[in-house]
Amino acid sequence: MDNKELISLLSKKTKTTQEKSKEFLNSFIEEITNYMANGANVEFLDLGIFENIVREQKIITNPKTQKKVLYPPKNVVDLKVAKPIKEYLKTIEK
Amino acid sequence: MKTTVTKSDLIAKLAKRLDISEEQVVNFIDKLNELILKSLESDKKIIINGLGIFKLVWGSYHKNAKLQAGAPREFYKLKFEAEDGLKELVNKEFAHLQAIELSEELSSNMPLDALSKQAVEIKDVLSEIQDVKGAVEYSNAATTEFYEPQKDNFSITATEVEQKTEDAPIPETTETTETAQTYYQSPTSVTSDYGISNSSYSADNKDYSGLSYGSGSGNYDTYKPKEEFTESNQSVNTSIKSDYEDNKRGFGGYSDSNENNDFDKNYYSPDNVVIRKKKTWIWLLLGCLVIVAVACGYLFMKPQVCKFVNSFFSKKETPTELPAVDEVDSLIANDTVIYEDVAISEIDTMFFENRKYTEFIDTVTISSGVTMAQLADQYWGSRLFWVYIFEANKDNIANANRISVGTKLRIPKLDNRLTDKNDTRLMDKVKELEIALGKK
């Protein structure tokens, strides 16, 4: 499913115009990304929490050359899934 | 600790931004939630532009996991893959850093003494800088207020700071205090140096002041910016030496409180440094080689080893000293009794050592169950004399312990003195010969 399909379905469900639903969705995503860029964790709907994780710096050895490399730290996004959603997913059959 | 923006915060902000009531926003969000869950159930995948891909992956518990009765072992898991744009946006803080190949001195395990010496030196330098900083702040409080940090001074190392402080006296050097401040960094200077030009960040600075990595991010001087990286690698390596232990600290150095610029002094103690050398595989290899060598030696040198061992356990006979030839001649001349004994023993040894098998009495074809010892017993009255038969038929027999059925053995004609059972000296010699031939 794309953003287009999502917008059309959302407008149908909420009984509003597609423009409004598009504006809402875009602003919703923008707000979340803004918060994430500033290093905060954000609750995403009922699905879970977008976590801002810091991968620490580390020294890695190249297995071929046996040389050591200092690898810089990194900020990573991960979704910590909520418990009710996990339980719900267990009920779905393959 | 990082703050978590809850659903209600997001709703309030969206309502403000879109100029609609919070109820409408809640309605929107609920419907969006439903739609996403439904599409996930049907398509197992949903792409939201700007965020990333949500998808269901079929997974299972570990085979040894203890589950309740009736609980499914296999089920769907929700996974999220962020878009490249979001990844870059989140990693903006460390985007300028690049992996560095460490020099040989650092890549090999540094000796503990050298590290402890460095730690003591750094400790002294830090204490000196702190003293200087305090004194100058008190005297030149007005000048430091209008200070703006420069990019070039930012990557100054601890050793350079030490040199500068030594060269110039305390009250005259306003620069040294500034460099020191840049090295330890105030929270405001960090944001300007790393070039995070986010308007929302500066506006919401109050909310996220606790999240910035300001106080400790001076440790990342080791990572040279991408533009300067090609110019000089040596300077990087020198700066690594001073900051190597800081980096070892990991993200513990990034304390959330911006006010405390003091380093933890206990960190520099040599107890925190652990050096490991794993070279057990060499010893294992050596052990295996020794075992293999011993096994091979035993297999190939078995008869010699048996002989060597038997020589230890057998009683050592003190050889009787034979009289010299001149003495014997004199004895013969005197017609003494000893003459006969000496002459007989000499002749016996001559007979045994010069044994030759030229004439043969008989030829026997070996049938099953017949041994050389039996034949020897049959012809000469002792089982030990099989040795003669073996020596006479060396061409036909490869192994004394295994003779194939049908081989023809020639039985030699022997002198009576070679088959005398009562002669102990002869029997001992025959036994020695038996051990040498390796009969089991």
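Quick notes on this one:
- Test: residue in the stretch B:95-115 that is in a helix (DSSP H, G or I) and modelled with pLDDT of 70 or more: no
- Residue match in the stretch B:60-71 (condition: more than 27 Å from A:ASN38 (Cα to Cα), touching a strand residue (DSSP E or B) at 6+ places or on another chain (Cβ under 9 Å) and modelled with pLDDT under 85): yes
- Flag set for B:ASN393, criterion: under 20 Å from B:PRO303 (Cβ atoms), assigned by TED's automatic domain parsing to the domain that holds B:LYS356 and surrounded by 14 or more Cβ atoms within 10 Å (Cβ to Cβ).
Yes or no, residue by residue, for (1) farther than 17 Å from A:LEU10 by Cα; (2) more than 9 Å from chain A (Cβ to nearest Cβ); (3) of a type outside the set (Lys, Arg):
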{"residue": "B:ALA12", "(1), (2), (3)": "yes, yes, yes"}
{"residue": "B:LYS16", "(1), (2), (3)": "yes, yes, no"}
{"residue": "B:ASP19", "(1), (2), (3)": "yes, yes, yes"}
{"residue": "B:GLU23", "(1), (2), (3)": "no, yes, yes"}
{"residue": "B:ASN27", "(1), (2), (3)": "no, no, yes"}
{"residue": "B:GLU34", "(1), (2), (3)": "no, no, yes"}
{"residue": "B:SER39", "(1), (2), (3)": "no, no, yes"}
{"residue": "B:LYS44", "(1), (2), (3)": "yes, yes, no"}
{"residue": "B:GLY50", "(1), (2), (3)": "yes, no, yes"}
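- Some residue of the stretch B:28-48 being among the basic types (Lys, Arg), more than 39 Å from the chain's Cα centre (by Cα) and not in a helix (DSSP H, G or I): yes
- Selection within the stretch B:360-394 - touching a residue at least 12 places away in the same chain (Cβ under 8 Å), assigned to a loop (DSSP other than H, G, I, E, B) and over 22 Å from B:LYS421 (Cβ atoms): B:ILE366, B:SER367, B:SER368, B:ASN393
- Residue satisfying condition, being in contact with a Ser or Thr (Cβ under 8 Å, 6 or more places away or on another chain) and surrounded by 16 or more Cβ atoms within 10 Å (Cβ to Cβ), within set B:LEU14, B:LEU78, B:LEU97, B:LEU37: B:LEU14
- When A:ILE29 is tested against (1) surrounded by 17 or more Cβ atoms within 10 Å (Cβ to Cβ); (2) facing chain B (nearest Cβ under 8 Å); (3) part of a helix (DSSP H, G or I), only condition (1) is not met.
- Some residue of the stretch B:74-94 being assigned to a loop (DSSP other than H, G, I, E, B), over 35 Å from the mean Cα position of the chain (by Cα) and modelled with pLDDT under 80: no
- Residue ID - surrounded by the fewest Cβ atoms within 10 Å (Cβ to Cβ), chosen from residues in the stretch B:396-425 that are under 19 Å from B:ASN354 (Cα atoms) and among the β-branched types (Val, Ile, Thr): B:THR424
- Residue match in the stretch A:69-82 (condition: among the small types (Gly, Ala, Ser), assigned to a loop (DSSP other than H, G, I, E, B) and within 7 Å of another protein chain (Cβ to nearest Cβ)): no
The values are calculated or read from the model by the stated rules, or taken from the named source; none is laboratory data. On a predicted model such as this, the values are computed, not experimentally measured, just so you know. No Cβ is skipped: glycine too gets one built from the backbone with ideal geometry, and neighbour counts run over all protein chains shown.
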